[in-house]
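The values are calculated or read from the model by the stated rules, or taken from the named source; none is laboratory data. Since the model is a prediction, treat every value here as computed from it, not as a measurement. Here the Cβ positions follow ideal geometry from the backbone for every residue, glycine too, while neighbour counts run over all protein chains shown. For the accessible areas, the whole protein counts, side chains as well, though only heavy atoms, and no ligand, DNA or RNA atoms are used. Shrake-Rupley method; radii C 1.70, N 1.55, O 1.52, S 1.80 Å.
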Amino acid sequence: MATKETKQRGRPRSFDRETALEQAVRSFWERGYEATSISDLTRAMGISAPSLYAAFGDKRALFDEVVVEYGRLYGGFLSRAVAEEPTARRGVERALREAAAEYTLPGRPRGCLVISAALNISPASAEVADSLREMRLANVRAIAAAIRADIASGELPPDTDAGALAAFIGAVIQGMSQQARDGAERTKLEAIAELALKAWPRKAGGASR
């Protein structure tokens, strides 16, 4: 019969997992999925490759966790804006203005990880590209649903093409992300947002707000 207390198996983790994950977010955000190597990750996270695999799994598993963390900390403003504002236009207006601020915030990588991380991705990583594409399309679908609700309520004209309008806003947001990565400042992105909002359909009797 054992009389000694059972010892914990394996070595105790010698790093803060949350801090390491944050550094992984920044690495993928800056370089994208394909261009970020395990060496890049271990250097940024301050851990060894065996520790990375033990704590997070392989590169793909780590990236999946990174995307969730990114959405929690930085990337959820679009869906929140569309869900919380009373009309699609107000939700989109808020989302565009917040995008201009978020994509150019000092001390962070520029643009949006979900938009930029799949650039130049190889066929071997097609599942990653598909996953990120689905996230972007989910945002477009949410915008389209809000637009359809406004059509039904009379907030927007009945002939408004909800799918096309939502896709247009998605294209603007993706363009703003790339402009930010190319060095555009917040004021330039805000000007782009203002131009995009001028294309918003007007209901009978005035601008749709």
> Which condition does residue 119 not pass, out of (1) open to solvent by 20 Å² or more (accessible area, probe 1.4 Å); (2) closer than 19 Å to residue 29 by Cβ; (3) in contact with a helix residue (DSSP H, G or I) (Cβ under 8 Å, 6 or more places away or on another chain); (4) not basic (Lys, Arg), if it passes all the others?
Replying inline: (3)
>> Checking residue 99 against (1) surrounded by fewer than 19 Cβ atoms within 10 Å (Cβ to Cβ); (2) under 18 Å from the mean Cα position of the chain (by Cα): exactly one of these is not met. Which one?
In response: (1)
>> If the requirement is being touching a Gly at 6+ places or on another chain (Cβ under 7 Å) and among the hydrophobic types (A, V, I, L, M, F, W, C), which of these qualifies: 54, 88, 81?
In response: 81
> How many residues does the range 105-114 hold that are in contact (Cβ under 8 Å) with a residue 60 or more places away in the chain and crowded, with 22+ Cβ neighbours inside 10 Å?
Replying inline: 3
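Quick one: count up the residues across the range 74-118 that are among the β-branched types (Val, Ile, Thr) and under 17 Å from residue 141 (Cβ atoms). Steps first, answer last, please.
If we filter the range 74-118 for residues that are among the β-branched types (Val, Ile, Thr), which is where we start, we get 82, 87, 92, 104, 114-115.
Okay, now just the ones that are also under 17 Å from residue 141 (Cβ atoms), so 82, 92, 114-115.
Residues meeting the conditions: 4.
Could you please let me know if residue 149 is open to solvent by 30 Å² or more (accessible area, probe 1.4 Å), at pLDDT 95 or above and touching a helix residue (DSSP H, G or I) at 6+ places or on another chain (Cβ under 9 Å)?
yes
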